[in-house]
Amino acid sequence: MGIIVNLDVMMAKRKMSLTDLAGEVDITLANLSILKNNKAKAVRFSTLEAICRALDCQPGDILQYEEEQE
């Protein structure tokens, strides 16, 4: 699996919609959706910082490492 993005969990805890977060972070809804659905290949630190600021959380609240199964 590798890196798991738990963005939807933090958004639910903060009661924030994808549209609201996209507007606050200044990222397209499509790109935020790709990140939320674990389809992103990379994320910029500036984007991660903006998401953490908007959701009042730490990067570890959003990103999780899971060892790949062989």
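Of the residues GLU49, GLU24, which single one is modelled with pLDDT of 95 or more, acidic (Asp, Glu) and part of a helix (DSSP H, G or I)?
The match here is GLU49.
One residue is enough: does region 32-45 have a residue meeting the conditions surrounded by fewer than 16 Cβ atoms within 10 Å (Cβ to Cβ), under 13 Å from ASP8 (Cα atoms) and touching a residue at least 60 places away in the same chain (Cβ under 8 Å)?
No, because not a single residue in region 32-45 is surrounded by fewer than 16 Cβ atoms within 10 Å (Cβ to Cβ), under 13 Å from ASP8 (Cα atoms) and touching a residue at least 60 places away in the same chain (Cβ under 8 Å).
Could you tell me how many of the residues in region 1-32 are more than 15 Å from PRO59 (Cα to Cα) and β-branched (Val, Ile, Thr)?
Final tally of qualifying residues: 3.
Those residues that are in contact with a Leu (Cβ under 9 Å, 6 or more places away or on another chain) and of a type in the set (D, E, K, R), I need them from region 30-70; list them, please.
LYS36, ASP61
Yes/no per residue for (1) modelled with pLDDT of 95 or more; (2) in a helix (DSSP H, G or I):
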{"site": "ILE3", "(1), (2)": "no, no"}
{"site": "ASP8", "(1), (2)": "no, yes"}
{"site": "LEU35", "(1), (2)": "no, yes"}
{"site": "LYS39", "(1), (2)": "no, no"}
{"site": "VAL43", "(1), (2)": "no, no"}
{"site": "ARG53", "(1), (2)": "yes, yes"}
{"site": "CYS57", "(1), (2)": "yes, no"}
{"site": "ASP61", "(1), (2)": "yes, yes"}
{"site": "GLU68", "(1), (2)": "no, no"}
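Could you run through region 5-56 and say how many residues are aliphatic (A, V, I, L, M) and farther than 24 Å from GLU67 by Cβ?
If we filter region 5-56 for residues that are aliphatic (A, V, I, L, M), which is where we start, we get 5, 7, 9-12, 16, 18, 21-22, 25, 27, 29-30, 32, 34-35, 40, 42-43, 48, 50-51, 54-55.
Filter again for farther than 24 Å from GLU67 by Cβ, leaving 11-12, 16, 18, 21-22, 25, 27, 29-30, 32, 50-51, 54-55.
So the answer is 15.
The values are calculated or read from the model by the stated rules, or taken from the named source; none is laboratory data. Remember, predicted model here, so these are calculated numbers, not experimental data. All Cβ positions, even for glycine, are placed from backbone atoms using ideal geometry, and neighbour counts span all protein chains on display.
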